[in-house]
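Structure first, commentary second.
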Amino acid sequence: MSEPSELYTDVITSDRVARRTIAERRRRVLRNVATVFVITVLMVVLLVMSRDQQAINSCHGRMAFATAALQDMLGAGAVSPAELPLSDRGGDPNPQSAPRANTHYFYDAFHSSRGEVGREIGVACCRFAHSQLFRPNGRYVLSYDGAARKYQYRWMSEVEFARLAPELGLRLPDGP
């Protein structure tokens, strides 16, 4: 009668081995799914951060160009242009992007008429804030310092912009 007992033990053992194998496969599948999910989330976060930084870098290049162009016009005694002078390139590989970029900025073409000596006035700013994933949203602001007779631009967080915009005379139009 030892045979049925051994046969029963073999069945139980093979059943345990089969269950253990299935459990190991499930753990492996779950671990692989979790790994793919984490890598996907990480790649999406890096992609969004890269997109935000490229937009900020492009805006930075255009503001630097506009600041230098306005400063050159001031030195030459020229009148402020009707549109913000933007590079045809400005960090953007598409040469047709300058007209489209003008819609990205709010520009006060009449800033020179309110250029009081000793007071900083707003000349231009990004119409909409640049979003950033892990940092505060913000925008570039181009201003004219009447005392130094110098154009300058700087990054401002939205909190700082909301506080300084009335002082600089920047009133963004409502709506898109």
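Ranking PHE110, PHE128 by Cβ neighbours within 10 Å, fewest first, what do you get?
PHE110, PHE128
Roughly speaking, what is the stretch gain from PHE134 to GLU160, that is 0.36 nm per residue apart minus the C-alpha to C-alpha distance, in nm to one decimal?
Result: 7.6 nm gained on full extension.
Determine, for each peptide in 76-83, 159-166, 119-126, 136-143, the mean count of other beta carbons within 10 angstrom over its residues, then list the peptides with the highest first.
119-126, 136-143, 159-166, 76-83
Quick note: the coordinates plus some simple rules give every number you see, no bench work behind them. Just so you know, these numbers come straight off a predicted model, no measurement behind them. Cβ sites come from the backbone with ideal geometry, for glycine too, and all protein chains shown count toward neighbours.
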